[in-house]
Amino acid sequence: MKLYEDLVWRGLIKDISSDELIDKLNNEKLTFYWGTDPTADSLHLGHYSSLVTAKRLANYGHHPILLVGGATGLIGDPRPTSERDIISKEEVSKNLEGITKQVNKIFEGKAEIVNNYDWTNSLSILDFLRDVGKYINVNYMLDKDIIRRRLDTGITFAEFAYTLIQGNDFLHLFVEKNCTLQVEGSDQWGNITTGIDLIRKKLDKTAYGFTMPLILDKDGKKFGKSEGNALWLDKDKTSSYELYQYLINADDELVIHYLKVFTFLTREEIEELEKSNNLHPELREAHKALAREIITDLHGKDEYVKALKISEALFSGKINELSSNEIEIGFKDVPNFVISNDKSLIDLLIEANIASSKREAREFINGNAISINGEIVNDENTVINKSFAIDNKYIVIRRGKKKYYLIKYM
């Protein structure tokens with residue numbers, strides 16, 4: 001199966017500027033670019049779907065340029081509902097550094113990374129209006145979907161001009177890098193076509209573009225910071241274990257689609273996983289493959305093994321098999337309580353808000369509802385001391401089947 005046919009099978013083509021591009025993708029070696037604005041110091045899983053597509057093109061022999069928008073990030077592209085908050089130059093610079101590091105790691109240093117601030121910073125307003133604005137009709141801009149939707153609520157000139165800046169980026173890369181193709185998410189179609197038109201009108205040359213459908217979660221929301229459901233690619237912001245938990249619990253109806261979009265598994269491998277998902281959904285083989293492929297590609301095999309170990313230890317209740325670092329990751333969001341001295345188990349349950357009274361604490365203990373580091377404790381005279389603590393730091397108390405509490409030693 002050739003590249004374009006593979007992209008179609010994976011559901012990665014929404015808009016395409018010209019049928020000519022199909023043959024070029026399959027039979028030529030193009031220079032293409034994908035861009036993002038540095039609105040945070042890390043990319044997220046929504047960006048990763050585009051990065052994986054860029055890697056597919058690179059693996060097929062096309063040359064990738066990853067544009068980080070140091071200039072456009074200072075303005076912000078129009079959102080469907082409201083204007084983005086302006087971020088400082090210092091924050092943009094910090095975010096640029098984080099994103100560049102991530103892209104270099106994902107592409108193993110093989111992608112060319114550029115910053116549109118480098119060629120936009122010296123462009124005067126008069127030059128911009130003469131060299132860019134002169135070629136793009138206002139009626140054409142008003143017809144862009146994202147701009148048209150904002151007309152009723154209002155759109156600033158800065159947002160309105162964003163499409164011209166991005167169009168100029170494509171023009172610059174076309175001239176300086178022989179970049180003939182732009183690849184983005186479907187919400188960027190209007191900006192892509194602005195660049196294509198600018199190249200045609202100024203240079204009498206043909207450029208191309210295609211967009212990918214936005215990747216949605218089970219609630220129909222796109223992955224992203226503004227939606228409040230960002231899964232960060234920086235493992236210090238979203239740990240490999242947290243990413244594993246999200247992916248292993250992905251909606252059954254979406255997991256095969258995610259395998260096509262986010263992984264480099266072959267069609268045959270994915271179709272086998274689809275059969276397994278249909279016949280034995282309880283095995284979650286497709287979900288496990290999804291987690292393995294994404295985490296390994298992002299963070300390496302060791303991080304995947306760590307995430308798997310934490311997950312299996314928590315599922316089996318074998319907390320003692322985890323290190324203090326793994327406990328920190330696995331119990332990052334559970335209620336926690338700090339102690340420094342020995343305490344009776346009953347007092348600890350009350351002080352840590354695990355039980356509301358001594359009577360309730362005794363009921364929990366005598367009813368085998370309390371476990372410490374995976375072991376049931378049913379002696380109400382138990383005294384908790386540092387000998388219980390894993391690596392002299394943590395004690396994990398479980399009440400019932402699902403309520404976890406983390407006890408930290410000072």
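Taken together, the values in this text are just the output of simple stated rules run on the coordinates, not laboratory data. Since the structure is predicted, the reported quantities are computational estimates derived from the model, not experimental observations. Virtual Cβ from ideal backbone geometry, glycine too; neighbours counted across all protein chains shown.
A few remarks follow.
- When the convex hull of its Cα atoms is projected in every direction, mean area for region 288-394 (nm²): 7.6
- Between region 333-410 and region 195-268, the Cα center-to-center distance that results, in Å: 42
- Against the chain, whose longest principal axis comes from its Cα atoms, helix 157-177 is set at around 70 degrees.
- In plain terms, the residue of Ile165, Ile256 with the fewest other Cβ atoms within 10 Å comes first and the most crowded comes last, giving Ile256, Ile165.
- Cross-link reach is defined here as a Cα-Cα straight distance under 12 Å, omitting same-chain residues fewer than 8 places apart; for Lys177 the aspartates and glutamates meeting it are Glu112, Asp169.
- Exceedance of the 27 Å cut-off in Cα-Cα distance is limited, within the set Lys288/Lys393; Lys101/Lys318; Lys29/Lys205; Lys55/Lys221; Lys29/Lys222; Lys301/Lys401, to Lys288/Lys393; Lys101/Lys318; Lys29/Lys222; Lys301/Lys401.
- Lysines whose Cα lies under 17 Å from that of Lys218, excluding same-chain neighbours fewer than 8 positions away: Lys260
- Degrees separating the helix 301-316 axis from the principal Cα axis of the chain, which is the longest one: 40
- Prolate/oblate/rounded call for region 240-316, Cα gyration tensor, a/c under 1.5 rounded: oblate
- Rounded to two decimals, the Cα radius of gyration of the chain over 2.2 N^0.38 Å is 1.21.
- In this structure the amide hydrogen of Ala71, modeled in the peptide plane, comes within under 5 Å of the amide hydrogens of Asn116, Tyr117, none closer than 5 places in sequence on its chain.
- Neighbour counts of C-beta atoms inside 10 Å place Met212, Met141 in the sequence Met141, Met212, starting with the fewest.
- Low-density loop positions, trypsin sites (Lys or Arg not before Pro), region 151-223 - DSSP coil, at most 16 other Cβ in 10 Å: Lys205, Lys218, Lys221
- Looking at region 1-71, the trypsin sites (Lys or Arg not before Pro) that sit in a DSSP loop and have at most 16 other Cβ atoms within 10 Å of their own Cβ are Lys2, Lys14, Lys29.
- Gly185 long-range amide H proximity, modeled H, under 5 Å: Met212
- 0 to 90° range, to nearest 10: angle between helix 189-203 axis and the chain longest Cα axis: 30
- Residue-averaged [θ]222 nm for the chain, counting only DSSP H segments that reach four residues, each worth -39500 (n - 2.57): -13500 deg cm²/dmol
- Excluding same-chain neighbours fewer than eight residues apart, the lysines reachable from Lys358 by a Cα-Cα span under 20 Å are Lys343, Lys403.
- 3J(HN,Hα) along region 355-365: 10, 8, 7, 5, 4, 5, 4, 5, 4, 4, 5 Hz, from the Karplus curve 6.51 cos²θ - 1.76 cosθ + 1.60 with θ = phi - 60°, whole Hz, x for Gly and Pro.
- Qualifying trypsin sites (Lys or Arg not before Pro) for region 305-404 [loop in DSSP, other Cβ within 10 Å: at most 15]: Lys318, Lys332, Lys401, Lys402
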